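Contents: one structure, followed by commentary.
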Amino acid sequence: MPTLRQQLFRIKPVLRQKEDVETDLKRTIGLFSLTMVGVGSTIGTGIFFILSESVPVAGPAVIWSFVIAGVVAGLAVICYAELAGSVPVSGSSYSYAYATLGELPAMGVAACLLLEYGVAGAAVAVGWSQYVNQLLFNLFGFEIPHALAYAPEEGGIVNLPAILLLAMCCFLLVRGTGESIVVNAIMVCLKVGVLIFFVCVGVTGWDSNNFADFAPFGISGVVAGSGLIFFSYVGMDAVATAGDETKNPKKTMPRALIAALIIVTSVYVLVAVAALSAQPWEEFDGQTAGLSAILENIVGSQWPGTIVAAGAVISIFSVTLVSIYGQSRILFTMAGDGMMPKLFRDVNPRTLTPVKGTIVVSVVVAILAGFIPLNFLAEMTSIGTLVAFVVVSLAVIILRVREPNLERGFKAPFYPVLPVLSIIGCFWIISSLQVITIVVFVIWTAFILGLYFIFGRKSSVLGKQLAEAGPTNPDSAGTDSTGGSKRALSSVLPQVRTTALPSSSGSFSPGPIGAGSSRPLSIPPRSR
């Protein structure tokens with residue numbers, strides 16, 4: 001009988017996370033599409049509306065806030081790239097933590113990710129409603145009533161446009177990943193075009209006096225601005241959630257991560273410079289649909305603001321789409337490990353997507369978007385992203401030590417300095433967040449860990465496999481790099497066969513036997 005410590009820190013072997021094992025999901029995502037997933041879930045998350053929250057905190061020096069957030073995110077993304085090339089599966093940093101730190105830490109990371117994606121989707125949906133109102137006013141001369149466009153804390157009753165946006169994203173995702181990815185790529189190209197248009201028009205209103213009082217709140221304001229902005233980089237993690245649906249993930253995922261980071265950071269900084277050059281920083285406070293308003297003031301006409309508002313309405317849709325996608329795939333992976341109810345693992349045989357899980361996620365996020373204000377949502381997303389980045393950076397170091405010969409599609413340079421700098425940078429930004437944000441985060445994490453002790457620890461698939469294997473040395477179970485006695489694991493894990501996939505005729509055919517096995521299943525297939 002394994003001890004409590006052995007149960008809590010049992011490690012999911014990397015050998016079970018190879019890309020050649022079939023999954024319940026269909027591999028349809030290539031390099032361009034995956035890069036667009038990263039760009040799509042990042043650009044639009046912050047730049048269309050986060051300036052009204054971050055500029056009053058940092059002043060014109062918010063430009064440096066974007067740079068700092070980009071550098072810290074860049075360090076973490078390089079760590080992500082190494083792990084994505086080593087452990088190319090869905091689940092993102094949850095899967096990475098499970099393969100390096102153990103089951104309990106993986107659940108802590110899962111708490112971060114569930115918070116990160118759920119709250120990010122809500123935050124973006126809230127910002128989307130601002131641009132919907134701006135577009136309706138410019139085109140038709142009316143707006144959605146305040147009571148139906150804002151959360152109770154902001155003087156309204158419910159943010160109805162945000163709820164409608166999440167319903168549309170849910171509908172698209174349950175139809176199939178392939179269709180969703182194509183729509184996302186089109187929207188990303190449109191949004192980048194709109195932001196380039198904003199920069200080109202915005203610099204025509206350049207006024208160097210707007211940068212005179214560059215850092216009114218000092219370095220503390222710059223770091224605080226980075227804390228608000230950082231949730232804009234949640235898209236980097238979204239790339240890593242698509243491992244089970246990516247073609248040749250060991251090469252595609254690292255390349256997509258780095259390409260997305262370069263595109264995102266460049267666009268963010270350019271837009272921030274153009275916006276601050278055209279409008280005094282004091283006027284950003286409380287401004288809705290800010291980019292549209294800036295262009296209208298420069299040109300003296302509504303048409304450029306209408307273009308930006310239309311671009312924001314379209315592009316922010318793609319951010320919400322990827323947020324819901326990412327969270328549903330994390331829950332899908334956790335359910336496969338026995339950490340969440342089987343509901344989240346159920347795949348529709350026609351669309352090959354986790355329909356039930358996607359609907360549950362969409363409903364919960366819609367409730368958040370309808371009733372919680374934007375500024376609190378932004379900070380909650382940031383802390384979830386930052387903690388996940390810390391774990392990923394730490395996982396790189398641990399996996400290098402435990403699995404030095406593991407095949408890696410990409411290696412982080414300047415090891416171990418780079419992952420250590422990533423960890424330090426993330427904690428530096430976390431220290432600038434509000435105390436209430438950290439308290440709520442701790443409470444949420446404790447809640448998820450409580451669910452683990454009640455449900456996940458007993459239903460863990462890995463735990464059942466280790467119990468069936470009967471490790472010859474119980475004291476060593478869960479302590480080495482493969483999550484227990486190597487002899488015990490070799491006797492059970494290679495025999496595992498993945499769940500059958502539907503054939504084109506609608507019937508089910510068996511998937512391949514795990515590597516090195518010629519024996520039948522020793523563990524019953526997952527129920528659907």
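The values are calculated or read from the model by the stated rules, or taken from the named source; none is laboratory data. In this text the structure is predicted, and so the values were computed from the model without any measurement. In this analysis, Cβ positions are derived from the backbone assuming ideal geometry, glycine residues included, and neighbour counts consider all displayed protein chains. Heavy atoms of the whole protein, side chains included, go into the accessibility calculation; ligands, DNA and RNA do not. Shrake-Rupley method; radii C 1.70, N 1.55, O 1.52, S 1.80 Å.
Given the condition among the aromatic types (F, W, Y) and in contact with a Ser or Thr (Cβ under 9 Å, 6 or more places away or on another chain), answer yes or no: does some residue in segment 145-153 qualify?
yes
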Report summary line: Residues of segment 285-303 being at pLDDT below 85, crowded, with 21+ Cβ neighbours inside 10 Å and assigned to a helix (DSSP H, G or I), in sequence order, are G290, L291, S292
Report summary line: Of the listed residues (V158, V124, V183), the one being open to solvent by less than 20 Å² (accessible area, probe 1.4 Å), touching a residue at least 12 places away in the same chain (Cβ under 8 Å) and closer than 26 Å to I359 by Cα is V124
Query - Filter pass, S232 being at pLDDT 80 or above and farther than 21 Å from I307 by Cβ - result: no
Report task. Select from segment 399-437 the residues that are crowded, with 19+ Cβ neighbours inside 10 Å and of a type in the set (F, W, Y) and list them in ascending order. Result -> F410
Query raised in the report: Quick one: is G326 free of Cβ contacts under 8 Å to residues at least 40 places away in the same chain, buried (at least 23 other Cβ atoms within 10 Å of the Cβ) and not in a loop (DSSP other than H, G, I, E, B)?
Result: no
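Here's the yes/no breakdown for (1) farther than 24 Å from S226 by Cα; (2) in a loop (DSSP other than H, G, I, E, B); (3) β-branched (V, I, T); (4) open to solvent by less than 10 Å² (accessible area, probe 1.4 Å):
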residue	(1), (2), (3), (4)
T320	no, no, yes, yes
M334	yes, no, no, yes
L352	yes, yes, no, no
K356	yes, no, no, no
V360	yes, no, yes, no
I367	yes, no, yes, no
F389	no, no, no, yes
S393	no, no, no, yes
I397	yes, no, yes, no
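For every residue, the table says whether it meets (1) farther than 30 Å from A395 by Cβ; (2) of a type in the set (D, E); (3) at pLDDT below 85.
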{"residue": "Y98", "(1), (2), (3)": "no, no, no"}
{"residue": "A125", "(1), (2), (3)": "yes, no, yes"}
{"residue": "Q134", "(1), (2), (3)": "yes, no, yes"}
{"residue": "P161", "(1), (2), (3)": "yes, no, no"}
{"residue": "G178", "(1), (2), (3)": "yes, no, yes"}
Report task. Kindly indicate whether any position in segment 193-212 is touching a Phe, Trp or Tyr at 6+ places or on another chain (Cβ under 8 Å), assigned to a loop (DSSP other than H, G, I, E, B) and open to solvent by 20 Å² or more (accessible area, probe 1.4 Å). Result -> no
Query - Candidates G38, G70, filtered to the one that is touching a residue at least 40 places away in the same chain (Cβ under 8 Å), farther than 14 Å from L291 by Cβ, assigned to a helix (DSSP H, G or I) and in contact with a Leu (Cβ under 7 Å, 6 or more places away or on another chain) - result: G38
Query raised in the report: Can you find a residue in segment 124-138 that is under 17 Å from the mean Cα position of the chain (by Cα) and in a helix (DSSP H, G or I)?
Result: yes
Query raised in the report: Which residue pairs have Cβ atoms closer than 8 Å, lie 6 or more positions apart in sequence or on different chains, and pair a first residue in segment 128-144 that is under 19 Å from K191 (Cα atoms) with a second residue that is surrounded by fewer than 17 Cβ atoms within 10 Å (Cβ to Cβ) and hydrophobic (A, V, I, L, M, F, W, C)?
Result: L136/F142
